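Undergrad: I'd like to ask some things about the structure below.
Bear in mind these aren't lab numbers, they're just calculated from the coordinates by the rules spelled out. Everything numeric in this text was worked out from a predicted model, so none of it was measured. Virtual Cβ from ideal backbone geometry, glycine too; neighbours counted across all protein chains shown.
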Amino acid sequence: MTPPSHLAYVPFISVENMMRLIHSIGIETMLRELADAIEHDFTRWPLFDKTPRVGSHSEVGVIELMPTSDGDLYGFKYVNGHPSNTKQGLQTVTAFGLLAQVSSGYPVLLSEMTVLTALRTAATSAMAARHLAPKGAKVMAVIGNGAQSEFQALAFKAVVGIEEVRLYDIDAAATAKCARNLAGSGLKVTPCQSSQEAMEGAQIVTTCTADKQYATILTDNMIGDGIHINAIGGDCPGKTELHRDILLRSDIFVEYPPQTRIEGEIQQMPEDYPVTELWQVINGEVQGRTSASQITLFDGVGFAIEDFSALKYVYQRALKTDHFQQLDMIADPDDPRDLFGMLHRAGDAA
């Protein structure tokens, strides 16, 4: 039997190799580079296929596919969100993704995306804040100290220049975990006993909770003038974190309105409630922050173009290293019209 040609093999980045790649680059460097890569693709926003993610919802969570293409490469991510998983010792979110050539349909990369999604979510948040947060912001409150919290803190340090994070979670063990993991990061870390205490002196607040329900993590009286809100918790239909009155006082920025209106904070609002698409701010078509007293809200739900950017980034980075392996994934018969013959000859060889 003729051995497979190089066309049969697809580079695969496992969790182990993803972690090796991150450490070889440096986590803060990677967060900065990811933020820049995502921002670059936002400048190309009109080129991309755009559709709300395809979700399969259940009482316990959601499983989703997130596809897009820029006409040259096609990418998708498989991702779940199951808030109760942690009670069983499981991750709330797991993911993997694929890139393929549009010209042939052949995959060029298969990658874990559980770790990569955490990085791209934080990088997107910080990239948005670069355009929306008050200038010179140094203190961020992080409400919800689960799996995403450390990534958010480090991204805002690396990209925005945050120097202090004030932490609160209804689970004190989660706050202790986050504080422990951020020790030695160069950030001042302040554990707090309430969300109100966490907000003291903060110019930015990140909410990243995962309960699959309508919730009020922030109330209107907690939000003073000039604050930037980064609302990125486990969004889905029926899941919110902010009191509706906060939305009424804020200028709201979103990734893709048809998806955010289903899953984001603005699901609380009428379907025609005005929002600004973040790519328009990045391209200079509309203004982001216009005054020191303005309340800006990034209603981030995660969009496929961000995953595309992250996959393309690690594809370009990893293939220059040995932090990947080759998987025999694509059938490669000598005659592309004779797939059965390849199978038949394999049986003879066996």
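Undergrad: Just add up the charged neighbours of Ser194: K/R +1, D/E -1, any other residue whose Cβ is under 14 Å from the Cβ of Ser194. Mind showing how you got there, number by number?
TA: Details: positive: Arg166; negative: Asp169, Asp171, Glu197, Glu200.
Charge balance in the 14 Å sphere: -3.
Undergrad: By DSSP, what percent of the beta bridges with both residues in the chain are antiparallel, rounded to the nearest 5?
TA: Working: 29 of 59 bridges.
The antiparallel proportion sits near 50 percent.
Undergrad: Continuing with the same structure: Using a simple spin-label model with points 7 Å from Cα along the Cα→Cβ vector, what separation in nm is obtained for Ser14 and Gln193?
TA: Result for the modelled spin labels: 4.8 nm.
Undergrad: Assuming a viscosity of 0.890 mPa s and a temperature of 25 °C, what translational diffusion coefficient in µm² per second does Stokes-Einstein assign to the chain, Rh being the Kirkwood radius over Cα pairs?
TA: Numbers: Rh = 21.2 Å.
Calculated translational D: 116 µm²/s.
Undergrad: Which of Lys157/Lys239; Lys50/Lys157; Lys50/Lys77; Lys157/Lys177; Lys77/Lys320; Lys87/Lys177 have a Cα-Cα distance over 21 Å? If you can, show how the numbers build up before the last one.
TA: Working: Lys157/Lys239 28 Å; Lys50/Lys157 31 Å; Lys50/Lys77 14 Å; Lys157/Lys177 19 Å; Lys77/Lys320 23 Å; Lys87/Lys177 16 Å.
Too far apart for the 21 Å limit: Lys157/Lys239; Lys50/Lys157; Lys77/Lys320.
Undergrad: Ordered by packing density, taken as the mean number of other Cβ atoms within 10 Å over each peptide's residues, highest first, how do 222-230, 193-201 rank? The partial results should precede the final answer.
TA: Numbers: 222-230: 20.3, 193-201: 15.1.
With the highest mean Cβ count within 10 Å placed first, the list reads 222-230, 193-201.
Undergrad: Further question on the same structure: Could you tally the net charge around His6, taking each other residue with its Cβ under 15 Å from the Cβ of His6, Lys/Arg +1 and Asp/Glu -1?
TA: Here the count lands on -3.
Undergrad: Show me the ranking of peptides 135-141, 118-124 by mean Cβ neighbours inside 10 Å, starting with the highest. Working shown, then result.
TA: Working: 135-141: 17.7, 118-124: 26.1.
Going by the mean number of other Cβ atoms within 10 Å, highest first, we get 118-124, 135-141.
Undergrad: Compare Thr206, Thr219, Thr68 in a GNM of the chain, Cα atoms joined below 10 Å, and give the one with the largest fluctuation.
TA: Thr219
Undergrad: May I pose another question? Could you tell me the distance between the Cα centroids of segment 93-150 and segment 293-341, to the nearest Å?
TA: 14 Å
Undergrad: Provide the gained length on full extension for the span Asp335 to Lys320, in nm with one decimal, where the gain is 0.36 nm per separating residue minus the Cα-Cα distance. Write out the running numbers ahead of the final one.
TA: Numbers: separation 15, 0.36 × 15 = 5.40 nm, distance 3.17 nm.
Extra length available between Asp335 and Lys320 comes to 2.2 nm.
Undergrad: Could you work out the helix-only [θ] at 222 nm for the chain, with each DSSP H run of four or more residues adding -39,500 (n - 2.57) and the total divided by the number of residues, to the nearest 500 deg cm²/dmol?
TA: Values: 11 runs with 114 residues, N = 350.
Helix contribution divided over all residues of the chain: -9500 deg cm²/dmol.
Undergrad: Taking the Cα centre of segment 133-302 as origin, sum charge times position over the Cβ atoms of Lys and Arg (+1) and Asp and Glu (-1), and report the length of that vector in debye to the nearest 20.
TA: Values: 13 positive and 22 negative charges, 114 e Å.
Its charge dipole is roughly 540 debye.
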